[in-house]
Amino acid sequence: MSRTIEEKREIVTELKEILSQSQLAIVIDYQGLSVAEITELRRKMRPTGTICKRAKNTLMQIAIDGNEKWQPMTEFLTGSSVFLLVQEDMKAAIKAYQDFQKATKKTELRGGVFDGQALTEEDVKALSELPSKEELMARLAGGLKAIPTKLAVGLNAVPTQLAVGIKEVPGSLVRAIKAVSEKEDSQDQAA
């Protein structure tokens, strides 16, 4: 049963809305997946903030037409496509898809689009190996916390080093410094 033009417009509008909220799109070939397996894929992707959308390539082409951020997706629009539209956790979404693919061995990742750039399968895998936003924030916080600590240790070391250095200075030099200091004090008091 073919869809009416109005139904197709609604699908394109929905795709545009989902894409506007997504940061990564992964295109997979789902040839050979049963309805139960597609349902399982959707179930696995949901906790990662990813929408698993099956749509005709022509409707996706219309949805991304004129949108520079998603335009590179056109090279992946062939055959039977399922679109994984990641809105939250890219790393978890890619891992969830990889787990599903290992279990079923029926899908093939064609590529993806991130920040207006087409990604190969290797690029998508590399994204999953990057530290998460939370990990990066923790590293940054740790680095910022270390700066005042190192500064305090360094400042505490200065008087200690100065005291050690004074003990090693010959007595005549200490007397000379003291004489200059007293002379400056007497000149300051006279003025």
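The values are calculated or read from the model by the stated rules, or taken from the named source; none is laboratory data. Because the structure is a prediction, the values reported are computed rather than measured. Positions of Cβ are backbone-derived with ideal geometry, glycine not excepted, and every protein chain shown enters the neighbour counts.
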Problem - Matching residues, region 112-134, being assigned to a helix (DSSP H, G or I), loosely packed, with under 12 Cβ neighbours inside 10 Å and in contact with a helix residue (DSSP H, G or I) (Cβ under 9 Å, 6 or more places away or on another chain) - result: 129
Fill in the blank from the handout: In the set 113, 82, 124, 86, the lone residue that is in contact with a strand residue (DSSP E or B) (Cβ under 8 Å, 6 or more places away or on another chain) and either more than 29 Å from residue 9 (Cβ to Cβ) or small (Gly, Ala, Ser) (or both) is 124
Exercise for the section: Report whether or not residue 58 is modelled with pLDDT of 90 or more, closer than 18 Å to residue 12 by Cβ and exposed (fewer than 15 other Cβ atoms within 10 Å of the Cβ). Expected result: yes
Fill in the blank from the handout: Among 93, 103, the single one that is assigned to a helix (DSSP H, G or I), touching a Gly at 6+ places or on another chain (Cβ under 9 Å) and closer than 21 Å to residue 37 by Cα is 93
Handout entry: Criterion: in the same structural domain as residue 11 (by TED's automatic domain parsing), free of Cβ contacts under 8 Å to residues at least 24 places away in the same chain and among the polar types (S, T, N, Q) - qualifying residue of 117, 61, 71
Key = 61
Exercise for the section: Could you check how many residues of region 51-90 are within 18 Å of the chain's Cα centre (by Cα) and assigned to a loop (DSSP other than H, G, I, E, B)? Expected result: 4
Exercise for the section: Residue by residue through region 31-50, note down the ones that are within 11 Å of residue 107 (Cα to Cα) and under 27 Å from the mean Cα position of the chain (by Cα). Expected result: 41
Handout entry: Conditions (1) hydrophobic (A, V, I, L, M, F, W, C); (2) surrounded by 12 or more Cβ atoms within 10 Å (Cβ to Cβ); (3) in a helix (DSSP H, G or I); number of the one not met by residue 109
Key = (3)
Handout entry: Residues of region 108-122 satisfying the condition of being among the acidic types (Asp, Glu) and farther than 22 Å from residue 80 by Cβ
Key = 115, 122
Practice task
Working only within region 1-40, note down all residues that are in contact (Cβ under 8 Å) with a residue 12 or more places away in the chain, among the hydrophobic types (A, V, I, L, M, F, W, C), assigned to a helix (DSSP H, G or I) and over 21 Å from residue 119 (Cα atoms).
Solution key: 11, 12, 38
Practice task
Could you list, in sequence order, all residues of region 99-142 that are aromatic (Phe, Trp, Tyr) and within 13 Å of the chain's Cα centre (by Cα)?
Solution key: 114
